[in-house]
1. Give me the extension gain from Ser123 to Glu195: residue separation times 0.36 nm, minus the current Cα-Cα distance, reported in nm with one decimal.
2. Would you please give the residues with an amide H less than 5 Å from that of Ser123, counting only those at least 5 places away or on a separate chain, with H modeled from the backbone geometry?
3. What do the square roots of 5 times the Cα gyration tensor eigenvalues come to for the stretch 71-210, in whole Å, largest first, as semi-axes of the equivalent ellipsoid?
4. Ranking Met80, Met187 by Cβ neighbours within 10 Å, fewest first, what do you get?
5. What is the distance, in nm, between label points placed 7 Å from the Cα along the Cα-to-Cβ direction at Phe53 and at Thr88?
6. Round to the nearest 0.05 the FRET efficiency obtained for Lys73 and Val95 when R0 = 30 Å and r is the Cβ-Cβ distance.
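Please treat every number below as a calculation from the coordinates, not as lab data. Keep in mind the model is a prediction, meaning the values are calculated, not measured. Virtual Cβ from ideal backbone geometry, glycine too; neighbours counted across all protein chains shown.
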Amino acid sequence: MRYQPAYIYPGTKGIERQPIKEPARWRLQRPQLSVDQRGSVRLLRFFLVVVGFALFVVGLAHFSTAFTAQNWKQVTAVVMKSDVVRMTYEDGTPVFTADIQYQYLYDGTLYTGQRLSVRPIRSHSPGEVKHQIAAYSVGRTVLAHVNPDRPEKAFLKTNPDSYLYALVIPGLLMILLSVAIGQVIYMHALRKQREAWRYGEFKGLRTSAA
């Protein structure tokens, strides 16, 4: 009768434990801003603030002048000249504007006005300028808003709402957009800081327990 040697359990020290490999999982990587992208974001925010502030200030000034001109004394005026003039910017880009002259009588004195509105007409299309001055043809009698303190200053139309919608509100929206972008960046950085704090606290507990 043959005997086999008894099996001796080596214990946990003699067994080499292989680490359990976790299955690969697809994780959505969060977008990380590079240095160039962060610089571009700062440049964009700066551009929005500068341009938005400029539009807001200029639009508010035009709106205030046009709103005040509505209460100026209105007198009859005769259009003496109404043409579309071609101009050129420094870079050579052509632009078209209106060349208008009209005469009006105020307190017994004859004046000549050249302002159609508070904001001069500028357009790259001559047809658009011609359309805006179509109601002010030569020889036509129109109403002019005359400044009582400076009778030589007059406008044929005021329309303050146009400056509110074309300049003031877009300027405010650009400033608010810059603030919103900054708030999003701040909230993202704050969330990353909180996540780093939580993970750091969890690792610290594991180390102390070990």
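1. 20.6 nm
2. Amide H neighbours of Ser123, under 5 Å, 5+ apart: Phe96.
3. Whole-Å semi-axes of the equivalent ellipsoid: 61, 19, 10.
4. Ordered from fewest to most neighbouring Cβ atoms within 10 Å, Met80, Met187 come out as Met187, Met80.
5. 3.6
6. In this case the efficiency is close to 0.35.
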